[in-house]
Amino acid sequence: MNYSSNLSKTGQRILGLLCAVVICFLVQACNGDKKNTLPETNIVEQKSKTTDEILAQENAWASALIAGNLDFVASIMHHDFRLIRAYGDAPPISKEMYLGMEGMSALSADVTSVNVSTEMDSIVVARVTWTMDWEQEGVGKLPPHFDMIDTWKRSEDGIWQILSRVSQIADKPHTNKKDAE
């Protein structure tokens, strides 16, 4: 009986020790989660602030196009800017080529969405959609809806400048899924 009594007490001690170890791991895991919660909140707030800044630049660009203010458009374009059309076979368009396009006029340009997908210090990648009423001399009306991937770089003076734009013609205007439901 002594042997089975000792075995029972040893088993209880081991079980108690295991429970204590598991509880310690759970407490440590919970504390680790709490430490990670605050930085995630800051990331969300920072991403929201950056999205607002990029949206402001996109809207300013759209307004400048309507006003024909290419000097402002030039100021928010990085000197290495490239526009790449994901349709047709046009070569990339440089900043100088973009600003030098003649016969373009925009009656309206609306930024319909901005979604920052990647943010790395001074570089932001955003999916942007625009709806435009615009035309080019000799060509006529141009497609109205565009889905774009824009890469923005914050300059040393804190201004977001567009570095590249990959543009795709869209079939219809962008609608926010939450609004459509």
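A few notes on this one:
- Matching entry among TRP160, TRP134, TRP130 (being over 19 Å from the mean Cα position of the chain (by Cα), among the aromatic types (Phe, Trp, Tyr) and crowded, with 16+ Cβ neighbours inside 10 Å): TRP134
- Check on TYR87, modelled with pLDDT of 90 or more, of a type in the set (Ser, Thr, Tyr) and more than 18 Å from the chain's Cα centre (by Cα): no
- Looking only at region 112-127, and only at residues there that are farther than 14 Å from TRP61 by Cα and of a type in the set (A, V, I, L, M, F, W, C), the one that is surrounded by the fewest Cβ atoms within 10 Å (Cβ to Cβ): MET120
- Filter result (more than 18 Å from ALA86 (Cβ to Cβ), outside any strand (DSSP E or B) and not charged (D, E, K, R)) within region 112-158: SER122, GLY138, VAL139, SER155, GLY158
- Entry remark, region 88-105: residues being surrounded by 12 or more Cβ atoms within 10 Å (Cβ to Cβ) and out of contact with any Asp or Glu (no Cβ under 7 Å at 6 or more places or on another chain) number 8 in total.
- For region 86-102, a tally of residues being assigned to a loop (DSSP other than H, G, I, E, B) and aromatic (Phe, Trp, Tyr) returns 1.
- Exactly one residue out of GLU102, GLU119 is modelled with pLDDT under 95 and within 21 Å of SER164 (Cβ to Cβ), and it is GLU119.
- Evaluation of SER94 against (1) under 25 Å from LYS49 (Cβ atoms); (2) polar (S, T, N, Q); (3) modelled with pLDDT of 95 or more (one fails), failing number: (1)
- Evaluation of LEU142 against (1) under 23 Å from GLU53 (Cβ atoms); (2) among the hydrophobic types (A, V, I, L, M, F, W, C); (3) surrounded by 13 or more Cβ atoms within 10 Å (Cβ to Cβ); (4) at pLDDT below 95 (one fails), failing number: (1)
- Every residue from region 58-71 that is out of contact with any Asp or Glu (no Cβ under 9 Å at 6 or more places or on another chain) and either closer than 19 Å to ASN115 by Cα or surrounded by 14 or more Cβ atoms within 10 Å (Cβ to Cβ) (or both): ALA60, TRP61, SER63, LEU65, ILE66, ASN69, LEU70
- Subset of region 75-85 (residues that are outside any strand (DSSP E or B) and surrounded by fewer than 16 Cβ atoms within 10 Å (Cβ to Cβ)): SER75
- Check on ASP150, surrounded by 14 or more Cβ atoms within 10 Å (Cβ to Cβ), out of contact with any Phe, Trp or Tyr (no Cβ under 7 Å at 6 or more places or on another chain), at pLDDT 95 or above and among the acidic types (Asp, Glu): yes
The values are calculated or read from the model by the stated rules, or taken from the named source; none is laboratory data. The shown structure was predicted, so the numbers you read here are calculated from the model rather than taken from an experiment. Counting neighbours? That spans all protein chains shown, and the Cβs are built from the backbone with ideal geometry, glycine included.
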